[in-house]
Amino acid sequence: MTLKFCIGLGFSPVEHYVPLAKAADEHGWDTICVSDHVVNPQTIESTYPYTPDGSRRWEPFTPWADPWVAIGAMAAATERLRFTTNVYVLPMRTPFAVAKTVGTAAALAGGRVALGIGMGWMAEEFALLEQPFAKRGKRADEMLEVLRKLWAGGWVEHHGEFYDFAPVEVTPAPGAVPVYVGGLSDAALRRAARNDGWISDLHSGAELEAYIATIEGFRREYGRESEPFSVLASCRDAWDLEGYRRLEAIGVTHLVTQPWLFYGGETDDVQQRVDGITRFADEILANY
């Protein structure tokens, strides 16, 4: 599979989403990735797992768009661009709300939607959304069973450890929605191997190669090695055609980046971001 190029919109101003999506759609990008948090408490006891000191990567009042509202708006303004979340905190919601929200977005977008999930790390946010933090991984696995039933359409019932209900239907029912899983723990990598893809954090190429090898081992263990599988990766030491080809060779299927960072660094100017999307497309996508 030829490497595909994706734009991550994490920490971006909400008013940038639609113009950036239009530019990406016009210039051959494959996917837009949208991040997720509902609330940002002033103080927390939970430890953020992706920084050395456990502190959050963002400052207070950083914008966090609702990902499915944002995806709906961007899908309406584009024709071929795909969308996913990196990542949506699945067990912080109920399966019925997720089935309705994602199913509606998938239907409106004509199937251009995937669901990228994480298990979450902030106990305080779970408490505010009135969902249990304990056993969230096992609960999310059962949620995925429920979601796939509901998305298939028709009357659906389920009798499990966490969810037990008589026949219901949820319409629209989009059919299959790809599920990608983020996380670095053994449990997260196994969950990814059981589903349709893995979403990385920011890594070196060597780190990505090791993670991918581990996932491929799990996929063989589950008898899924011949099924399609996506790897959505962010890489800190690949920034040219040669580097991107190395990523493809180790099994990365989608590179997630913010192209304006290559042309002047971080900016809140939407036109500079659009220019970065266009220039990267001209210099990389057109020659890949």
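None of the figures in this text is laboratory data; all of them are computed from the coordinates on show. As the structure is a prediction and not an experimental result, all values here were calculated from the model. Ideal geometry is used to build each Cβ from the backbone, glycine not excepted, and the neighbour counts take in all protein chains shown.
Think of region 192-256 as a dipole: +1 on every Lys or Arg Cβ, -1 on every Asp or Glu Cβ, centred on the Cα centre; then among Ala213, Leu247, Cys235, Ala213 lies furthest on the positive end.
Distance between the C-alpha centres of region 164-211 and region 1-39: 19 Å, rounded to the whole angstrom. The loop-placed chymotrypsin sites (Phe, Trp or Tyr not before Pro) in region 188-240, going by DSSP, that have at most 12 neighbouring Cβ atoms within 10 Å of their Cβ come out as Tyr222. Say a site is exposed when it is one of the GluC sites (Glu not before Pro), sits in a DSSP loop, and has at most 10 other Cβ atoms within 10 Å; what is then the longest site-free stretch of the chain? Here the longest segment lacking exposed loop sites spans 170-265.
The simple spin-label model puts a point 7 Å past each Cα toward its Cβ; for Tyr50 and Phe96 those points are separated by 3.2 nm.
Computed on region 192-256, with alpha-carbon pairs under 8 angstrom and 6+ residues apart, the relative contact order is 41 percent. Against the chain, whose longest principal axis is taken from its Cα atoms, helix 241-250 shows a tilt of about 30°. Take every pair of alpha-carbon atoms less than 8 Å apart whose residues are at least six positions apart; their mean separation over the length of the chain yields a relative contact order of 20 percent. In the chain, the longest principal axis of the Cα atoms and the axis of helix 205-221 are about 30 degrees apart. In this structure, the amide hydrogen of Val87, modeled 1.01 Å from its nitrogen in the peptide plane, lies closer than 5 angstrom to those of Asp36, counting only residues at least 5 positions away or on a different chain.
From the Cα gyration tensor of region 192-256, with a ≥ b ≥ c the square roots of its eigenvalues, which class applies: rounded if a/c is under 1.5, or else prolate if a/b is larger than b/c, or else oblate? Prolate is the answer for region 192-256, as a/c is 1.5 or above and a/b outweighs b/c. A straight Cα-to-Cα reach below 20 Å connects Lys149 with the lysines Lys100, Lys138, residues fewer than 8 places away in its own chain not being considered.
Modelled label positions at Glu59 and Tyr288, each set 7 Å beyond Cα in the direction of Cβ, lie 3.2 nm from each other. Note on the chain: with charges restricted to the Cβ of Lys and Arg (+1) and Asp and Glu (-1), its dipole about the Cα centre is near 620 debye.
Projecting the Cα atoms of Val177, Pro63, Ser12 onto the dipole axis of the chain, where Lys and Arg carry +1 and Asp and Glu carry -1 at the beta carbon, places Val177 farthest toward the positive end. Before rounding to the nearest 500, sum -39500 (n - 2.57) across all DSSP H runs of length at least 4 in the chain and divide by the residue total; then give [θ] at 222 nm in deg cm²/dmol. Calculated at 222 nm, the ellipticity per residue is -11500 deg cm²/dmol. Taken about its Cα centre, region 192-256 carries a charge dipole of roughly 140 debye when the Cβ of each Lys and Arg holds +1 and the Cβ of each Asp and Glu holds -1.
Using the Karplus relation 6.51 cos²θ - 1.76 cosθ + 1.60 with θ = phi - 60°, the per-residue 3J(HN,Hα) values for region 22-38 come to 4, 5, 5, 4, 6, 10, x, 5, 8, 9, 10, 10, 10, 8, 8, 8, 9 Hz, with x marking Gly and Pro.
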